[in-house]
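The values are calculated or read from the model by the stated rules, or taken from the named source; none is laboratory data. None of these values were measured; they are calculated from a predicted model. All Cβ positions, even for glycine, are placed from backbone atoms using ideal geometry, and neighbour counts span all protein chains on display. To get the accessible areas, we keep the full protein, side chains included, count just its heavy atoms, and leave off ligands, DNA and RNA. Shrake-Rupley method; radii C 1.70, N 1.55, O 1.52, S 1.80 Å.
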Amino acid sequence: MLSRTADSLFWLGRYIERAGNNARGLQVALRMSSLTRDAAVRDSAWRALLIATGCAPGFAATGAEPTQEAVVRYLAADPSNPSSILSCIEAARRNARAVRTALTVDMWEAVNETWSEARRTTAATFAPDNLPGFLDWVKSRTVLFNGAYADTMLREEAWRFVRLGTTMERADNTARVLDVHHHAIANADQDGAVAYGQWQAILRSVSALRAYHWVFHARLEPRRIAELLILRPELPRSMIACYARIEETLEGIAAAHGGRRGECHRLAGEMHARLRFGRIEDIMTGGLHHFLTATIDRNLELGRQIQDFYLQA
């Protein structure tokens, strides 16, 4: 497969996943800000979302205050933000069009129809009364695309690169969501409605609230939340589940290339092994924030290594 084709497939998966992640994050921030009348607490929720999405530097450059209206506009629709939902949809469609023949009919229709509908959005779409419906729509379109490529693509290189992009983005998002709320997890002795709301927000950000109760059959506890999102392979968005798929997918790509491997394979295997043999007690003792920031940095390096070895070869 030509590297430019692999690159488009990889980023198609990443952009679709990023749009869905941003939609979930916005839904959670809206919920959190509605639970308090304290303006400082509300602004804190929107700042946390900007950090979790990696958009804090870009938003700061606009000079705007992190109010609900400003953050929603920046993360949902601002064309100057390459990670806004509408920008992600635009970039996904551009990449899909570049590799149209590598996609199934269902995949192309999922992307193209999403793009067509997104182009019809107006300022009214992002008004407080209409925003929840828009975010639900984004989530449903992401699920539709993921289902289309999972159910209709041949298990060949094209499928592997879409899957790799999707899973890389998902792993990064889970680590960032946990990291931005690491104080709420590390301070396990805190209690009350605010703390409970933060714990719920973490789980809702990765669609894992019901999964938590199914796995643990218990009330929310910070350490168990961290364990679920980091070390439990049953959860599709957990870090260990993501890195297991990343390693497996890279091995499949290597096999198709005559077994040739690069630094990205070693790094993916190392990251998976660290989680596979890790213990939540050791992670918490060593510092959750330190662990997560190190993982985010390693994920960025893994992305660079994949780019160098496969996508710009």
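Summary table
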| read-out | value |
| --- | --- |
| Residues that are open to solvent by 40 Å² or more (accessible area, probe 1.4 Å) and in a loop (DSSP other than H, G, I, E, B), drawn from region 138-164 | Leu154, Arg155, Glu156 |
| Meets criteria (open to solvent by less than 10 Å² (accessible area, probe 1.4 Å), aliphatic (A, V, I, L, M) and within 18 Å of the chain's Cα centre (by Cα)) for Ile85 | yes |
| All positions within region 276-309 that are under 30 Å from His257 (Cβ atoms), open to solvent by 80 Å² or more (accessible area, probe 1.4 Å) and of a type in the set (Asp, Glu) | Asp297, Asp308 |
| Residues that are of a type in the set (Asp, Glu) and assigned to a loop (DSSP other than H, G, I, E, B), drawn from region 35-83 | Asp38, Glu65, Asp78 |
| Residue among Ala39, Ala60, Ala92, Ala118 that is more than 22 Å from the chain's Cα centre (by Cα) and aliphatic (A, V, I, L, M) | Ala39 |
| Residue that is least open to solvent (accessible area, probe 1.4 Å), among those in region 118-133 that are in a helix (DSSP H, G or I) and farther than 21 Å from Arg14 by Cβ | Leu131 |
| Verdict on Thr62 being crowded, with 21+ Cβ neighbours inside 10 Å, touching a helix residue (DSSP H, G or I) at 6+ places or on another chain (Cβ under 8 Å) and in the same structural domain as Asn130 (by TED's automatic domain parsing) | no |
| Qualifying residue in region 207-217 (condition: closer than 27 Å to Trp108 by Cα, in the same structural domain as Asp297 (by TED's automatic domain parsing) and touching a residue at least 24 places away in the same chain (Cβ under 8 Å)) | yes |
| Residue, nearest to Ser3 (Cα to Cα), within region 136-157, restricted to residues that are of a type in the set (A, V, I, L, M, F, W, C) and touching a residue at least 24 places away in the same chain (Cβ under 8 Å) | Met153 |
| Number of the condition not met by Ala45 [criteria: (1) over 27 Å from Tyr196 (Cα atoms); (2) aliphatic (A, V, I, L, M); (3) open to solvent by 20 Å² or more (accessible area, probe 1.4 Å)] | (1) |
| Any chance Ala256 is open to solvent by 40 Å² or more (accessible area, probe 1.4 Å) and either at pLDDT below 95 or among the aromatic types (Phe, Trp, Tyr) (or both) | yes |
| Options Ile246, Ile283: the member that is β-branched (Val, Ile, Thr), closer than 16 Å to Ala175 by Cβ, assigned by TED's automatic domain parsing to the domain that holds Ala175 and under 20 Å from the mean Cα position of the chain (by Cα) | Ile246 |
| Filtered residues of region 209-226 (kept if outside any loop (DSSP other than H, G, I, E, B) and surrounded by fewer than 22 Cβ atoms within 10 Å (Cβ to Cβ)) | Leu209, Arg210, Ala211, His213, Trp214, Val215, Phe216, Arg223, Arg224 |
| Residue within region 93-115 that is over 23 Å from Thr166 (Cβ atoms) and either part of a loop (DSSP other than H, G, I, E, B) or open to solvent by 40 Å² or more (accessible area, probe 1.4 Å) (or both) present | no |
